[in-house]
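To keep things clear, I will list the structure first and then write my remarks on it.
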C-alpha cells in the first residue's frame, strides 16, 4: 500500500496540491477506502483510492473557489463604501462635468452624452434621434472638440478663483 500512497500523493501533486496538502488528501482518501472496504471489488482498490482522492481534490478546489469569491465580494463591499473625501471629490467632479456640458449646444451635448456616458453606438444614436449616421459622427467630433475647449476654460476659471482667494 506504500506504493499506492505514493501514487496518490504524486497524482494529487499533479493536480495542484502542495506536498503537505497532497499527503493530507491522500490520507483522507485511504480513510474513505477503509470505511468502504466492503464495497470495493477485489482488484479495484487502487482505482477506488485514486477516484476518491480526485473527488476530494475536486471538492477542495470548489470550496477554495467559493471562499475566494466570498472574500472578493466582501472586499468589493468594503471598497464600495466611499469615504467622505471620495464623496466630496465625486460631487465636485460631477459639478465640473455638468458645468462644461451645460456650455455645449443641446444637439452636441445630447450626442456626446449618449455616446460617451451612456455608451451607445453611433448607429443606435442615429436611430434614436432620427439622424443620419454621418450627422451623428460629425456632431460627436464637434462635441468632443467643444468639450475639450470647455475643460480648458473651466481649468482657467478654477485657477483664477484659487489665485484670487
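Laboratory data are not the source of any read-out in this text; all were calculated from the coordinates shown. Owing to the predicted nature of the structure, the values given are computational and were not obtained by experimental measurement. Quick reminder, even Gly has a Cβ in these numbers, built from the backbone with ideal geometry, and neighbours come from all protein chains shown.
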| request: Could you line up 149, 23, 162 from fewest to most neighbouring Cβ atoms inside 10 Å? | output: 162, 149, 23
| Helix axis angle, 133-164 relative to the chain longest principal axis, alpha carbon, degrees | 80 degrees
| Residues listed by number, the stretch 125-155, amide nitrogen under 19 Å from residue 116 label point at 7 Å toward C-beta | 125-126, 135-155
| task | Quick one: compute the contact order of the stretch 2-80, relative version, from alpha carbon pairs under 8 angstrom and 6+ residues apart, as a percent. | result | 29 percent
| field | Residue-averaged 222 nm ellipticity for the chain, from DSSP H runs of 4+ at -39500 (n - 2.57), nearest 500 | value | -27500 deg cm²/dmol
| message | Here are a few candidate values for percent of Cα pairs over 26 Å apart: [x] 63; [y] 68; [z] 36. Which one was actually calculated from the structure I just gave you? | response | [x]
| Alpha-carbon centroids, the stretch 84-116 and the stretch 41-72: separation in whole Å | 53 Å
| message | How much length would be gained if the chain were fully extended between residue 24 and residue 127, taking 0.36 nm per residue of separation minus their Cα-Cα distance, in nm to one decimal? | response | 30.8 nm
| note | Taking Cα pairs closer than 8 Å and at least 6 residues apart, the relative contact order of the chain in percent is 15 percent
| message | With angles folded into 0 to 90 degrees, how steeply does helix 19-35 sit against the dominant principal axis of the chain? Use alpha carbons for both and round to 10. | response | 50 degrees
| note | The exposure ranking of 96, 44, fewest beta-carbon neighbours within 10 Å first, is 44, 96
